[in-house]
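Visitor: Submitted below is the structure of interest, expressed as structure tokens.
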Amino acid sequence: MLENCEITPTELRFLYNISYSTIYRWRSKYGTLPANEKLVVEKKSDSYKVSEFLKKIKELETMVGRQAMEISFLNDVIAEASKVYETDIKKKFSKQ
């Protein structure tokens with residue numbers, strides 16, 4: 001788990017109530033990485049988070065644009081229906 005970056009040493013420490021030295025001793029004895037190689041455990045980086053936020057913003061902007069087009073279309077349909085039936089449908093059926 002530690003070497004796959006699924007959990008940090010701090011989380012292991014609190015989860016099993018062990019010290020950092022125990023974690024690193026176990027890692028050097030049983031780990032698959034060479035003992036002299038440092039293990040960097042990092043949660044999602046800031047640049048990754050920013051790119052995820054940008055993707056989400058783009059998705060939401062697309063959704064808002066689609067909804068704006070749908071509202072515009074429905075307003076056009078109501079206007080045309082009002083002309084055909086010679087009544088103000090928007091005024092007649094709007095909720096007060």
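The values are calculated or read from the model by the stated rules, or taken from the named source; none is laboratory data. Just so it is clear, the structure is predicted and the values come from calculations on it, not from any experiment. Please note: Cβ atoms are built from the backbone with ideal geometry, for glycine as well, and neighbour counts cover all protein chains shown.
Visitor: Tell me, yes or no, whether the stretch 74-89 has at least one residue that is of a type in the set (Gly, Ala, Ser) and either exposed (fewer than 10 other Cβ atoms within 10 Å of the Cβ) or modelled with pLDDT under 90 (or both).
Guide: no
Visitor: Next question, about the same structure. Test each condition in (1) surrounded by 11 or more Cβ atoms within 10 Å (Cβ to Cβ); (2) at pLDDT 80 or above for Ile57 and report the one that comes out false.
Guide: Condition not satisfied by Ile57: (1).
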